[in-house]
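The values are calculated or read from the model by the stated rules, or taken from the named source; none is laboratory data. The structure displayed is predicted, hence computed values, not measured ones. Backbone-built Cβ (ideal geometry, glycine too); neighbour counts: all protein chains shown. Areas reflect the complete protein model, heavy atoms only, side chains present, ligands, DNA and RNA absent. Shrake-Rupley method; radii C 1.70, N 1.55, O 1.52, S 1.80 Å.
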Amino acid sequence: MGRPRERADPRVSRPRYVGLLGGSFNPAHKGHRGISLNAIRALKLDEVWWMVSPGNPLKEGATDMAPLAARLASARRMARRAPIRASAIETRLGTRYTVDTIRKLIRRYPDIRFIWLMGSDNLAQFHRWRDWRTIARAIPIAVVARPGYTTSAQSAPAMGWFRRFERRPDQATNWMTWRRPALVLLRFRPDPISATGVRARDPDWHVRKM
């Protein structure tokens, strides 16, 4: 007879793996959902948290920004029946900048391993984010390619700094073991939809869907 099978210790479990996708979600659309579901598969995540921003510092003065309640409601509708959790957690945390949000989340949820998700459009302007190098040293980053932003993302100041820390896409499932800074570029089937386009077609979306 062989050795008896060892029973798993129910007290021992791996951390949860969560992707963080921040944004205005003005409104949330199927592109957000598609990126999140693809990232869950590519990175073997348990879920993605959509953090609906109460106010993006880089979009101050925008005249077409819907109220937070409308944007959050659109995110929750789009996240239905998927391992995606939409919330205005930054409001509860009292944070305005991503670097502060990440610090508080890491302290508040020590049993979760986080990875930051963003589109290549955000990589193109990442050098404008407050303490962006501190963000990179705190959390791995996965960048999802978006149509029309490949050149600007690759030539961005942040990417020049990140290049020596870039990981291959075929290593993406090992992100939780990476030494930070670490960045991986992911490519999925491109989806041309954007919140700007949705607003152009339906500028009063938030009025009817509250």
Study note, to complete from the structure: For the stretch 14-53, the count of residues that are under 25 Å from K104 (Cβ atoms) and either outside any loop (DSSP other than H, G, I, E, B) or open to solvent by less than 20 Å² (accessible area, probe 1.4 Å) (or both) equals 26
Exercise for review: Select from the stretch 89-105 the residues that are in contact (Cβ under 8 Å) with a residue 12 or more places away in the chain and either in contact with a Pro (Cβ under 9 Å, 6 or more places away or on another chain) or of a type in the set (V, I, T) (or both) and list them in ascending order.
Suggested key: I89, E90, T91, R96, Y97, T98, V99, T101, I102
Check your understanding: Does the stretch 95-117 contain any residue that is at pLDDT below 95, farther than 18 Å from H206 by Cα, out of contact with any Lys or Arg (no Cβ under 8 Å at 6 or more places or on another chain) and open to solvent by 10 Å² or more (accessible area, probe 1.4 Å)?
Key -> yes
Check your understanding: Has the stretch 86-94 got any residue that is over 15 Å from the mean Cα position of the chain (by Cα) and surrounded by 15 or more Cβ atoms within 10 Å (Cβ to Cβ)?
Key -> yes
Point to revise | helices (runs of 4 or more DSSP H) enclosed by the stretch 124-210 - at least 3 residues per element that are modelled with pLDDT of 95 or more and surrounded by fewer than 17 Cβ atoms within 10 Å (Cβ to Cβ) | key: 132-138, 157-162
Practice item. Determine if the stretch 61-74 includes at least one residue that is open to solvent by 60 Å² or more (accessible area, probe 1.4 Å), at pLDDT 95 or above and in contact with a helix residue (DSSP H, G or I) (Cβ under 8 Å, 6 or more places away or on another chain). Key: no
